[in-house]
Amino acid sequence: MMLPRWSRAIANLSRAGLQSNLKYGNDCSNVVLHRSYAKVAAADSVQKGFPNQPSIYLNKMFWSKPCSLALAADSPLRVEEPKYEGIKHTIFKLLLFYSKQSQSIRGANVVYKRIISQVEKPLIYEVFNLEKTFKTTFSLLVLHMWLCLRRLKQEGKEGVELGQFLYEIYNHDVEMRVSKAGVNLLLHRWMKDLEKIFYGNIVAYDSAILPEAKQNELSNVIWRNIFSDDGSSPPNDAASQTVQAMARYARREVSCLSLTDKEAMFSGNFTFTSLETEKNSKGC
């Protein structure tokens, strides 16, 4: 059960005198934790944030046929490996720039940027009726980390190794930014709680996506991990429609990433589904 850990984590931050939302700078690989954390609201307050009648487009979203998320060869969003020649190539080779490990680390950095880019889009909070708080931002980050780690794992040992680099980038980045925000005395305890939440969520998502899982298991997990603060009450009708939409989004991303080739995943040359496109019901 992850909810008690959230309470402890928020308590640690409160004692540190920090009250703010988790935000990201222009460099989307950097997690910036600003001052002034707001205490997580009670579960009934979360449901009050949902409109009585969700936007009509919500029930029409994330039904389109899954497709590869790989970027086109001419996409301006692609990140290409630098190509050096002559003496410069020789020097970089001696510095192990072209080693498998170095290439994997560079690829993991790009993948992390894709994750942060999706999580930081204002539209993701608008579409899913989420207030941008520490809990919601961090929970969305974990959800998208799970999507990528799950896909990388399908590539066997090589994918697991890249996934480890991805996790280390994520963990180091969060730790560095929390520390810079002034949480020094409680940093270890705070990061330990976040780590438990991270792995607990990953296990829950993995179980919820299994063929033998109950029909609404993924929706229930998403409700507990992202929308609810204490999990003691089920979502109301308006909240339920929003949670189901996010479950469709997650399932569709799982399918889309499975259709995304290894090269795109390892280089980070992919993007998550465009929420704007889905909002306009155009599909891939």
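Values in this text are rule-based calculations from the coordinates and carry no lab data. Predicted, not measured: the structure shown is a model, and the values here were computed from it. Cβ coordinates were reconstructed from backbone atoms using ideal geometry, including for glycine residues, and neighbour counts include every protein chain displayed.
Sorting the segments 144-155, 208-219 by their mean number of nearby beta carbons within 10 angstrom, highest to lowest, gives 144-155, 208-219.
Here's the picture: charge each Lys and Arg Cβ at +1 and each Asp and Glu Cβ at -1 in the stretch 128-178, and of Phe134, Leu152, Ile169 the one pushed furthest to the positive end of that dipole is Phe134.
Exceedance of the 23 Å cut-off in Cα-Cα distance is limited, within the set Lys113/Lys262; Lys60/Lys153; Lys214/Lys279; Lys132/Lys279; Lys196/Lys279, to Lys60/Lys153; Lys214/Lys279; Lys196/Lys279. Electrostatic bookkeeping for Ile105 treats Lys and Arg as +1 and Asp and Glu as -1; over the other residues with beta carbon under 15 Å from its beta carbon, the sum is -2. The listed peptides 107-117, 190-200, 74-84, 58-68, ordered by packing as a protection proxy, come out as 107-117, 190-200, 58-68, 74-84 (highest mean of other Cβ atoms within 10 Å first).
How many percent of all Cα-Cα pairs in the stretch 201-244 sit more than 11 Å apart? That tail contains 64 percent of the Cα-Cα pairs.
Amide H contacts under 5 Å for Ala70: Asp261, restricted to partners 5 or more places along the chain or on a different chain, H placed in the peptide plane at 1.01 Å from N. Local charge for Leu77 was computed over the other residues whose Cβ lies under 13 Å away, with Lys and Arg +1 and Asp and Glu -1, and equals +1.
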